[in-house]
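Novice: Take this structure, written in structure tokens, and hold onto it; I'll ask about it next.
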């Protein structure tokens, strides 16, 4: 049986740990509400931008974009729209820079491993871009089992989330796609549902025409049909009459919409992931705090029993000594 001193030290150690977990829970709880609001505020814009892109693209009768040229890969939308034979798959995994968030990172890595395995089974090369460094070590541990390369790790992107940061990533990915180094790029992120739930999902980023994929379209529409549905006409419906009398043309507008769409999709993925991570950390730290309470109660009972046994033994020894005299 552990000594009284060891039990007392262990109780104190757990109490110190509990202070940390409680503080982390409070910090996460304070941040997650702000992150949740950011997600809900950005989703309507993402929806309308998605719909605008699809409607303008579908409205263009002549889909010959060869006359559109640009040195900026993010503006070179004819290439970004074009589907081609897939030989190399790019995975952009929106991870985190911090741990202690329960199974958050493990769920991301598990989903990514499934996607890598599917690609390997099709003899595709896989290049990974990590937003956040937490999943890097777990992914490197999979290199003995799967074939892939970690192309880039963006560590500072998640520290100050803004559209400029997302544009840096978007430009790098567009460059890889335009240069023909990657034939398809998917975003692996966590869609925030509520404080207790999130879902790991894969969204097609490039080629852009795959924005019509059912999974992404279902996500965008389902979320807004529930509570955030906007009852106004889309941007394209409002400006459609102007196409006949004003410049620029539909193709020129598309050249502005496509970079905005790619950048915004990355930005939305980061916002969703941040809210999910904070919610997961809050839940994990709450569970850790409760578990610490249970351990303290159990150890306190053990300590009191051992202390009582020691007192009883000392009294017995005193009484026995008195009787002998």
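The values are calculated or read from the model by the stated rules, or taken from the named source; none is laboratory data. All of these numbers come straight from a predicted model, not from anything done at the bench. Positions of Cβ are backbone-derived with ideal geometry, glycine not excepted, and every protein chain shown enters the neighbour counts.
Novice: If you go through region 175-194 one residue at a time, how many are under 10 Å from the mean Cα position of the chain (by Cα) and farther than 14 Å from residue 89 by Cα?
Specialist: Within region 175-194, the first condition is being under 10 Å from the mean Cα position of the chain (by Cα), and the residues that meet it are 187-192.
Still in the list and also farther than 14 Å from residue 89 by Cα: 189-192.
Residues flagged as under 10 Å from the mean Cα position of the chain (by Cα) and farther than 14 Å from residue 89 by Cα within region 175-194 amount to 4.
Novice: While we're on this one: Based on this model, can you work out whether residue 89 counts as surrounded by 14 or more Cβ atoms within 10 Å (Cβ to Cβ), in contact with a strand residue (DSSP E or B) (Cβ under 8 Å, 6 or more places away or on another chain) and either within 30 Å of residue 174 (Cα to Cα) or outside the structural domain of residue 202 (by TED's automatic domain parsing) (or both)?
Specialist: In short, yes.
Novice: Could you identify the single residue in 257, 270, 253, 262 that is modelled with pLDDT of 85 or more, over 19 Å from residue 186 (Cβ atoms) and in a helix (DSSP H, G or I)?
Specialist: 257
Matching residues to (1) assigned to a loop (DSSP other than H, G, I, E, B); (2) under 30 Å from residue 288 (Cβ atoms):
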residue: 20; (1), (2): no, yes
residue: 34; (1), (2): no, yes
residue: 39; (1), (2): no, yes
residue: 46; (1), (2): no, no
residue: 70; (1), (2): yes, no
residue: 85; (1), (2): yes, no
residue: 99; (1), (2): yes, yes
residue: 102; (1), (2): yes, yes
residue: 110; (1), (2): no, yes
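Novice: Of everything in region 68-78, what is more than 27 Å from the chain's Cα centre (by Cα) and either modelled with pLDDT of 85 or more or loosely packed, with under 14 Cβ neighbours inside 10 Å (or both)? Give them in sequence order.
Specialist: As a first pass, look at region 68-78 and keep what is more than 27 Å from the chain's Cα centre (by Cα): 68-72, 76, 78.
Scanning region 68-78 gives 69, 71, 72.
Novice: Moving to a separate point now. Among (1) over 29 Å from residue 122 (Cβ atoms); (2) modelled with pLDDT under 90; (3) touching a helix residue (DSSP H, G or I) at 6+ places or on another chain (Cβ under 9 Å), there is one condition residue 192 misses while meeting the rest; what is its number?
Specialist: Here residue 192 meets the rest and fails (2).
Novice: Give just the number: which of (1) outside any helix (DSSP H, G or I); (2) more than 30 Å from residue 72 (Cα to Cα); (3) in contact with a strand residue (DSSP E or B) (Cβ under 6 Å, 6 or more places away or on another chain) does residue 147 not satisfy?
Specialist: Against the list (1) outside any helix (DSSP H, G or I); (2) more than 30 Å from residue 72 (Cα to Cα); (3) in contact with a strand residue (DSSP E or B) (Cβ under 6 Å, 6 or more places away or on another chain), residue 147 comes up short only on (3).
Novice: Sticking with this structure for a sec: Looking only at region 99-109, how many residues end up being exposed (fewer than 14 other Cβ atoms within 10 Å of the Cβ) and modelled with pLDDT of 85 or more? Full working, then the answer.
Specialist: Keep residues of region 99-109 that are exposed (fewer than 14 other Cβ atoms within 10 Å of the Cβ), which gives 99, 103, 106.
Checking the rest, the ones that are also modelled with pLDDT of 85 or more come to 103, 106.
Number of matching residues: 2.
Novice: Return yes when residue 96 is buried (at least 17 other Cβ atoms within 10 Å of the Cβ) and in contact with a helix residue (DSSP H, G or I) (Cβ under 9 Å, 6 or more places away or on another chain) and no when it is not.
Specialist: So residue 96 passes the test.
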